[in-house]
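Single-structure report; data block below.
The values are calculated or read from the model by the stated rules, or taken from the named source; none is laboratory data. Quick caveat: nothing in here was measured; it's all calculated off a predicted structure. FYI the Cβ positions are ideal-geometry reconstructions off the backbone, even for glycines, and counts take in every protein chain you see. Accessible surface areas use protein heavy atoms only, side chains included; no ligands, DNA or RNA. Shrake-Rupley method; radii C 1.70, N 1.55, O 1.52, S 1.80 Å.
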Amino acid sequence: MTALQSPPEPAGTTDPSPSPRRGRRRATALAPRDKLVLGLMLGIPSLLHLALVWVPAMGSIALSFSSWDGIGGFEDIDWVGFQNYVDIFTRYPRFWPAVRNNLIWLLFLIVVPTVAGLLLAVLLDRQLRFGRLYQSALYLPMVLSLALVGFIWQLIYQPEQGLLNNVLGTATSDPVNWLGDPDINLYAVLVAAGWRHTGYIMLLYLAGLKAVDPALKEAAALDGANARQTFFQVTFPVLKPVNVVVLVVTVIEGLRAFDIVYVINKGRNGLELLSVLVTDNIIGESSRIGWGSALAVVLLLISLGFIITYLFQVFREEERA
């Protein structure tokens, strides 16, 4: 008995299994109208960013090598090289106190509001009762401008009628002039700035803690780690991207501080800051555009120094890992 043979496949038939290439979708070309819309959506913001950020920044760097009062055209600019920087570092009495105050401001924001914001975020991450209410109340100062914060704390710091001296019982006998004494007014203003900044740091860390995988904490608990060990050895290392964001935000907030001291006493009598010096020299009575631009460049270099140094260390540690 002969074995049955399968009938030959008819001509023109192909393998029904799809080829790997057949399953891929072809990239559809954008219509001309879509290309126009995409070009406008990308081009207009890019041009605005270039015109409002990079062009003024490059212009300030160029004008820092000039002596110009802002009157007349560009042909009236007197180019003096590095003389503005030499005069600022050697002959400007308000410069070094402003640098010191900016560094104190920056270090205070890095230490106090950052630690307080992290602590509050850890507490709120434990699903406390009325946690949303606490979160909203702690973040509320952040929606206020620094100028408004300055007005609020001026009422608190008033010598005779202020809240703080009345609570301390010194309003009538020996009132403390918190904002008028150059030895303490900087730290009094730092408390107000830290009060506003803490809520923002808390929100950043709270978002980072919500993104931590619960399995990591469970594994640490199974290994016998307590709450402190779990936080410092498991949770906090996972928050490294949040730490980078917090540092950059804090450096920017510390170096651009201006309006809170300007509404208090125009940035004088112990509250000198680099941003105030830039404003006084560019749009103040002196109208020294080149001098103020040089101060702005110094402020830019200080901010870049902190950010680039930290980011370089972070990226180098990631490469080693």
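Does segment 80-113 hold any residues that are more than 19 Å from ASP280 (Cβ to Cβ) and either of a type outside the set (Val, Ile, Thr) or touching a Phe, Trp or Tyr at 6+ places or on another chain (Cβ under 7 Å) (or both), and which are they?
Answer for segment 80-113, where residues must be more than 19 Å from ASP280 (Cβ to Cβ) and either of a type outside the set (Val, Ile, Thr) or touching a Phe, Trp or Tyr at 6+ places or on another chain (Cβ under 7 Å) (or both): VAL80, GLY81, PHE82, GLN83, LEU103, LEU106, LEU107, PHE108, LEU109, PRO113.
The rows are residues; the columns are (1) open to solvent by less than 70 Å² (accessible area, probe 1.4 Å); (2) modelled with pLDDT of 90 or more; (3) not in a loop (DSSP other than H, G, I, E, B).
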| site | (1), (2), (3) |
| --- | --- |
| ASN165 | yes, no, yes |
| PRO175 | yes, no, no |
| ASP181 | yes, no, no |
| ALA193 | yes, yes, yes |
| LEU206 | yes, yes, yes |
| LEU209 | yes, no, yes |
| ARG228 | no, no, yes |
| PHE231 | yes, no, yes |
| GLU253 | yes, no, yes |
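Taking THR170 as meeting all but one of (1) part of a helix (DSSP H, G or I); (2) open to solvent by 20 Å² or more (accessible area, probe 1.4 Å); (3) without any contact (Cβ under 8 Å) to a residue 24 or more places away in the chain, write down the number of the exception.
(1)
Output the qualifying pairs, or none if there are none: Cβ atoms under 7 angstrom, residues six or more apart or on different chains, first residue in segment 257-278 and open to solvent by less than 10 Å² (accessible area, probe 1.4 Å) and modelled with pLDDT under 85, second residue assigned to a loop (DSSP other than H, G, I, E, B) and of a type in the set (A, V, I, L, M, F, W, C).
So the pair list comes out as GLY267/LEU273.
Among (1) more than 26 Å from the chain's Cα centre (by Cα); (2) open to solvent by 30 Å² or more (accessible area, probe 1.4 Å); (3) within 23 Å of ALA257 (Cβ to Cβ); (4) in contact (Cβ under 8 Å) with a residue 60 or more places away in the chain, where does PRO93 come up short?
(4)
Please find, among VAL99, VAL111, the residue that is in a helix (DSSP H, G or I) and loosely packed, with under 14 Cβ neighbours inside 10 Å.
None of the others qualify; the one that does is VAL111.
Would you mind finding the one in GLY131, GLY150 that is touching a helix residue (DSSP H, G or I) at 6+ places or on another chain (Cβ under 9 Å), without any contact (Cβ under 8 Å) to a residue 24 or more places away in the chain and either closer than 24 Å to VAL238 by Cα or open to solvent by less than 60 Å² (accessible area, probe 1.4 Å) (or both)?
GLY131
Counting just the residues of segment 300-309 that are of a type in the set (A, V, I, L, M) and in contact (Cβ under 8 Å) with a residue 12 or more places away in the chain, which one comes out surrounded by the most Cβ atoms within 10 Å (Cβ to Cβ)?
Once the filter is applied, the top-ranked residue is ILE302.
Anything in segment 255-274 that is among the charged types (D, E, K, R) and assigned to a loop (DSSP other than H, G, I, E, B)? List them, or say none.
ARG256, LYS266, ARG268, GLU272 - these are the residues of segment 255-274 that are among the charged types (D, E, K, R) and assigned to a loop (DSSP other than H, G, I, E, B).
Pull up segment 59-84, narrow it to residues that are surrounded by fewer than 17 Cβ atoms within 10 Å (Cβ to Cβ) and aromatic (Phe, Trp, Tyr), then point me to the one that is modelled with the lowest pLDDT.
So the residue we want is PHE74.
Test ALA137 against the stated conditions and say whether it is aliphatic (A, V, I, L, M) and either surrounded by 18 or more Cβ atoms within 10 Å (Cβ to Cβ) or in contact with a Leu (Cβ under 7 Å, 6 or more places away or on another chain) (or both).
Judged against the criteria, ALA137 is not a match.
Taking segment 310-321 as the search range and keeping residues that are in a helix (DSSP H, G or I) and open to solvent by 80 Å² or more (accessible area, probe 1.4 Å), which one is farthest from VAL251 (Cα to Cα)?
Only one residue tops the list, namely ARG320.
List the number of the failed condition for PRO56; all other conditions in (1) open to solvent by 70 Å² or more (accessible area, probe 1.4 Å); (2) in a helix (DSSP H, G or I) hold.
With respect to (1) open to solvent by 70 Å² or more (accessible area, probe 1.4 Å); (2) in a helix (DSSP H, G or I), PRO56 is out only on (1).
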